[in-house]
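A.B. asks: Sharing a structure below in structure tokens format, with a few things to ask.
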Amino acid sequence: GKRAFIAGVADDNGYGWAIAKSLAAAGAEILVGTWVPALNIFESSLQRGKFDESRTLPDGSLMKITKVYPLDAVYDCPEDVPEDVKTNKRYAGSSNWTVKEVAECVKQDFGSIDILVHSLANGPEVGKPILETSRNGYLAAISASSYSFVSLLKYFAPIMNPGTFLFLRHLLYPFSSSFKNIVKLSLVLISGGATISLSFIASERIMPGYGGGMSTAKAALESDTRMLAFEAGRKHQIRVNSISAGPLKSRAAKAIGS
Ligand code: NAD
């Protein structure tokens with residue numbers, strides 16, 4: 001079976017949870033990365049059975065989450081963490097939650113993964129129009145919602161199982177007698193590692209209310225998806241995709257005006 005790491009699950013309302021369930025129903029082993037400040041509530045709710053109803057898979061069994069890793073995807077390594085965060089009581093109780101460390105822990109625990117899901121975003125000023133957004137708010141949105149994917153891919157790609165390139169031979173004009181058959185070769189990456197992130201239509205169209213640099217962050221995420229597919233496909237034989245998801249009443253979406 002495949003092993004999936006889903007970054008950005010902290011309750012049973014969001015896309016990360018739903019993706020985890022679909023992957024579990026398809027037979028994948030589920031690991032999740034949960035934002036450090038949300039970790040305690042998520043784990044205790046899981047243990048208390050608060051999610052049991054929504055954990056139910058189509059065959060009646062409960063989705064099993066093999067391991068929950070604390071994660072803060074705005075920090076790549078311990079040296080990047082500022083003192084006030086390190087000593088914050090919501091962070092001090094957990095360890096190894098920078099992106100690099102989480103990848104190392106997953107490697108130690110399981111060796112490799114097949115699927116990486118990026119289902120996280122944060123824009124502290126999402127409620128403000130972009131004209132009123134501060135530089136810090138804008139950069140924070142990009143850091144948490146766009147660079148977080150670059151960072152996850154950078155540290156997880158080396159532990160993702162590579163796929164193989166397949167040559168497909170297309171015959172053009174196979175029935176025409178006046179043409180010689182024209183053979184087209186294309187290279188397709190199959191099986192092996194796959195990564196996905198969740199974007200939003202506000203990256204390409206005006207959507208008032210999706211402020212604070214979040215529209216910018218999604219545009220960056222989509223542009224990075226193309227470049228990273230090119231780079232990671234060649235370097236690691238893994239696929240990189242993004243889905244532009246429809247509106248869902250998740251916890252994150254409640255911060256956005258209607
Ligand atoms: P959600 O609240 O379930 O997921 C967002 C998660 O990101 C939360 O679990 C939060 O704890 C986590 N997070 C925030 N900052 C983090 C950090 N620094 N490190 C680690 N985790 C962090 O909400 P959702 O709407 O399901 O969001 C999942 C993805 O789907 C996001 O990328 C979001 O932009 C995208 N999306 C959502 C909608 C929608 O309408 N809800 C539409 C399109 C795309």
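Coordinate-derived values only; no laboratory data. This is a predicted model, so every value here is computed, not measured. Neighbour counts run over all protein chains shown; Cβ positions are idealised from the backbone, glycine included.
A.B. asks: Nearest-5 percent of antiparallel DSSP beta bridges in the chain? Write out the running numbers ahead of the final one.
C.D. replies: Details: 10 of 36 bridges.
Just about 30 percent of them are antiparallel.
A.B. asks: Ranked by Cβ crowding within 10 angstrom, fewest neighbours first, how are V74, V102 ordered? Display every interim value, and only then the final one.
C.D. replies: Values: V74 20, V102 23.
Fewest-to-most ranking of V74, V102: V74, V102.
A.B. asks: Do the sum for the chain: with -39,500 (n - 2.57) for every DSSP H run of n ≥ 4, divided by all residues, what is the mean residue ellipticity at 222 nm, to the nearest 500 deg cm²/dmol?
C.D. replies: On the way: 8 runs with 80 residues, N = 258.
The helix-only estimate for the chain comes to -9000 deg cm²/dmol at 222 nm.
A.B. asks: Where the centre of each part is set by its Cα atoms, how far does the stretch 20-62 sit from the stretch 88-135, in angstrom?
C.D. replies: 18
A.B. asks: Under the 0.36 nm per residue contour assumption, what length would be gained going from the current alpha-carbon distance of K249 and K67 to full extension?
C.D. replies: Length gained, K249 through K67: 62.9 nm.
A.B. asks: For I190, I238, which order do you get if you count the other beta carbons within 10 Å of each Cβ and list the fewest first? Mind dumping the intermediate values first?
C.D. replies: Numbers: I190 11, I238 24.
Ranking I190, I238 by Cβ neighbours within 10 Å, fewest first, gives I190, I238.
A.B. asks: Can you tell me what share of the DSSP beta bridges in the stretch 1-138 is antiparallel? A percent to the nearest 5 is fine.
C.D. replies: Values: 1 of 16 bridges.
The antiparallel fraction comes to roughly 5 percent.
A.B. asks: Give me the mean projected area, in nm² to one decimal, of the convex hull enclosing the Cα positions of the stretch 1-134. Please report the intermediate quantities before stating the final value.
C.D. replies: On the way: hull surface 38.9 nm².
The Cα convex hull of the stretch 1-134, projected and averaged over all directions, gives 9.7 nm².
A.B. asks: Using a 10 Å cut-off around each Cβ, can you sort I65, I159 from fewest to most neighbouring Cβ atoms? Mind dumping the intermediate values first?
C.D. replies: On the way: I65 21, I159 18.
So the ranking, lowest neighbour count to highest, is I159, I65.
A.B. asks: Taking 37 °C and 0.692 mPa s as the conditions, I'd like the Stokes-Einstein D for the stretch 56-152 in µm²/s, using the Kirkwood hydrodynamic radius from alpha carbon pairs.
C.D. replies: Rounded, D is 210 µm²/s.
A.B. asks: Hey, got the Cα dimensions of the stretch 194-258 along the principal axes, in Å, largest first?
C.D. replies: Largest first, the stretch 194-258 extends 41, 20, 15 Å along its Cα principal axes.
A.B. asks: If you don't mind, there's one more thing I want to ask. So for the chain, Kirkwood radius off the Cα pairs, Stokes-Einstein at 10 °C and 1.306 mPa s: how many µm² s⁻¹?
C.D. replies: Working: Rh = 19.7 Å.
So the translational diffusion coefficient is about 80 µm²/s.
A.B. asks: Over the stretch 1-48, what per residue volume does the convex hull of the Cα atoms give, in whole Å³?
C.D. replies: Values: hull volume 3.3 nm³, N = 48.
Each residue corresponds to 70 Å³ of Cα convex hull volume.
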